[in-house]
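Engineer: Provided herewith is a single structure, encoded as structure tokens, for subsequent inquiry.
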Amino acid sequence: MPLFLVQNDITTIDVDAIVNAANESLLGGGGVDGAIHRAAGPELLRECRTLGGCKTGQAKITKGYRLPARYVIHTVGPVWRGGRSGERELLASAYRSSLELAFAYRCKTVAFPLISSGVYGYPKEQALKVAVDTIADFLSSHDMSVLLVIFGQASHIIEKERLADITVFLDGDGANACPHIPMQTGRTDESISQMLRRKIDEAGISDAQCRKRANIAPSLFSEILSGACARPSKPAVTALAIALELSWEQAGELLKKAGFSLSRSSRFDRIVEFFISRRNYHIFEINEALFVFGQEQLGG
Ligand code: AR6
């Protein structure tokens with residue numbers, strides 16, 4: 001289920017499949033395509049020659065050869081022509097076709113580069129939004145873990161205004177922060193799993209909806225909810241607070257049950273607070289910001 005952003009060279013990642021941002025010939029090129037062919041060795045090109053190319057928005061699969069990944073899924077993103085030539089739909093289709101192929105080959109872990117955002121010129125923040133929306137949509141009905149690999153400077157993926165707003169918030173004195181309301185500690189006897197059960201019911205959402213919104217794998221989610229996971233991580237519990245759209249104080253209460261606290265001196269906490277104070281509970285937007293500021297991402 002979960003989707004995380006990582007900063008890395010995709011050719012070094014040990015997953016079931018990595019995705020290549022190729023061109024329609026599938027015979028290699030520059031950018032990530034060149035890097036993948038160099039790392040996989042000449043056998044990859046030999047197999048690619050047998051595939052008969054690939055249309056934009058579609059995908060084909062080969063073995064990974066000398067790569068740590070078992071498979072390479074070759075997809076072709078659109079060339080950016082200003083945004084009015086069906087680029088968004090074609091890019092979404094490239095992600096979807098790749099994910100479907102990965103699923104058909106029983107891949108549990110898949111890593112994607114930011115397709116089309118290099119030589120093909122798709123603006124990076126927009127390319128990221130299409131990637132995240134399409135992958136998250138697919139993951140809501142498929143049990144798989146996806147890494148979106150960002151190469152080079154992380155700050156390019158986030159809108160300039162948002163980056164500026166968060167920076168001001170982080171540098172601020174807390175006057176712009178969530179109001180401090182004393183904690184309601186009426187249910188001190190409740191365990192985290194009991195509290196979670198109650199909050200999910202109060203929110204009127206299903207367990208599956210809560211899990212998806214929290215970017216948490218089904219197995220971990222059941223363990224937390226059943227009490228089998230004695231100490232879930234702070235990013236996982238915070239993710240649940242976001243999924244349940246809790247206030248800053250309520251999030252603090254939930255975290256306390258797992259032995260954590262929220263503090264204004266922690267960057268992670270302050271970034272989460274930035275989003276809660278704006279009632280923005282979109283987990284992947286929060287994770288983009290956490291990623292850009294070098295913090296752990298929500299989910300698990
Ligand atoms: N690991 C992860 N990401 C990378 C790596 C790497 N080793 N190298 C580059 N990127 P691009 P496109 C990022 O140009 O825009 C080729 O010639 C890069 O920073 O590789 O889809 C093909 O043959 C960027 O964000 O692919 C096609 O002709 C992203 O990967 C054409 O380029 C995609 O950049 C495809 O262009």
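The values are calculated or read from the model by the stated rules, or taken from the named source; none is laboratory data. It should be emphasised that the depicted structure is a prediction, and the values quoted were computed from it without experimental measurement. For neighbour counting, all protein chains shown are included, and Cβ atoms are generated from backbone atoms with ideal geometry for every residue, glycine included.
Engineer: Out of A111, A59, A69, report the one residue that is under 18 Å from the mean Cα position of the chain (by Cα), within 14 Å of the ligand (Cβ to nearest atom) and not aromatic (F, W, Y). Talk me through it step by step, then tell me what you get.
Structural biologist: Details: A59 fails: under 18 Å from the mean Cα position of the chain (by Cα); A69 fails: under 18 Å from the mean Cα position of the chain (by Cα).
After ruling out the rest, the residue left standing is A111.
Engineer: Restricting the search to segment 104-130, which residues are closer than 19 Å to D16 by Cα and either in contact (Cβ under 8 Å) with a residue 24 or more places away in the chain or outside any helix (DSSP H, G or I) (or both)? Lay out the reasoning, then the answer.
Structural biologist: Residues of segment 104-130 that are closer than 19 Å to D16 by Cα, as a first pass: 104-115.
Answer for segment 104-130, where residues must be closer than 19 Å to D16 by Cα and either in contact (Cβ under 8 Å) with a residue 24 or more places away in the chain or outside any helix (DSSP H, G or I) (or both): Y105, R106, C107, K108, T109, V110, A111, F112, P113, L114, I115.
Engineer: Another question about this same structure. How many of the residues making up segment 121-154 are under 22 Å from G294 (Cα atoms), near the ligand (Cβ under 10 Å from one of its atoms) and either surrounded by fewer than 21 Cβ atoms within 10 Å (Cβ to Cβ) or β-branched (V, I, T) (or both)?
Structural biologist: 6
Engineer: Of the numbered conditions (1) farther than 16 Å from L147 by Cα; (2) in a helix (DSSP H, G or I), L99 satisfies every one except a single condition; which is it?
Structural biologist: Failed condition: (1).
Engineer: Output yes when any residue across segment 138-158 is of a type in the set (D, E) and more than 21 Å from V15 (Cα to Cα), and no when none is. Steps first, please.
Structural biologist: Going through segment 138-158, the residues of a type in the set (D, E) turn out to be 143.
The next check asks that each one be more than 21 Å from V15 (Cα to Cα); those that pass are none.
The answer is no; no qualifying residue exists.
Engineer: Separate question: Can you find a residue in segment 21-37 that is modelled with pLDDT of 95 or more, in contact with a Pro (Cβ under 8 Å, 6 or more places away or on another chain) and crowded, with 19+ Cβ neighbours inside 10 Å?
Structural biologist: Yes; the residues of segment 21-37 include at least one that is modelled with pLDDT of 95 or more, in contact with a Pro (Cβ under 8 Å, 6 or more places away or on another chain) and crowded, with 19+ Cβ neighbours inside 10 Å.
Engineer: In addition: Provide a single number: the residues in segment 38-63 that are outside any helix (DSSP H, G or I) and crowded, with 17+ Cβ neighbours inside 10 Å.
Structural biologist: Taking segment 38-63 as the starting set, the residues that turn out to be outside any helix (DSSP H, G or I) are 41, 50-63.
Narrowing the set further to residues that are crowded, with 17+ Cβ neighbours inside 10 Å leaves 54, 56-62.
Number satisfying all stated conditions: 8.
Engineer: Which residue is nearest to I61 (Cα to Cα), if the candidates are limited to segment 1-42 and must be more than 6 Å from the ligand (Cβ to nearest atom) and of a type in the set (S, T, Y)?
Structural biologist: First, pick out the residues of segment 1-42 that are more than 6 Å from the ligand (Cβ to nearest atom): 1-8, 12-20, 24-28, 34, 36-42.
Then keep just the ones that are of a type in the set (S, T, Y); that gives 12, 25.
Working: T12: 18, S25: 14 Å.
By that ranking, first place goes to S25.
Engineer: Could you tell me whether any residue of segment 190-206 is surrounded by 13 or more Cβ atoms within 10 Å (Cβ to Cβ), at pLDDT 90 or above and closer than 20 Å to G294 by Cβ?
Structural biologist: No.
Engineer: Quick one: count up the residues across segment 104-120 that are among the aliphatic types (A, V, I, L, M) and within 21 Å of V292 (Cα to Cα). Even if it seems obvious, please write down each step before you answer.
Structural biologist: Of the residues in segment 104-120, the ones among the aliphatic types (A, V, I, L, M) are 104, 110-111, 114-115, 119.
From the residues that got through so far, the ones that are within 21 Å of V292 (Cα to Cα) too are 111, 114-115.
Result for segment 104-120: 3.
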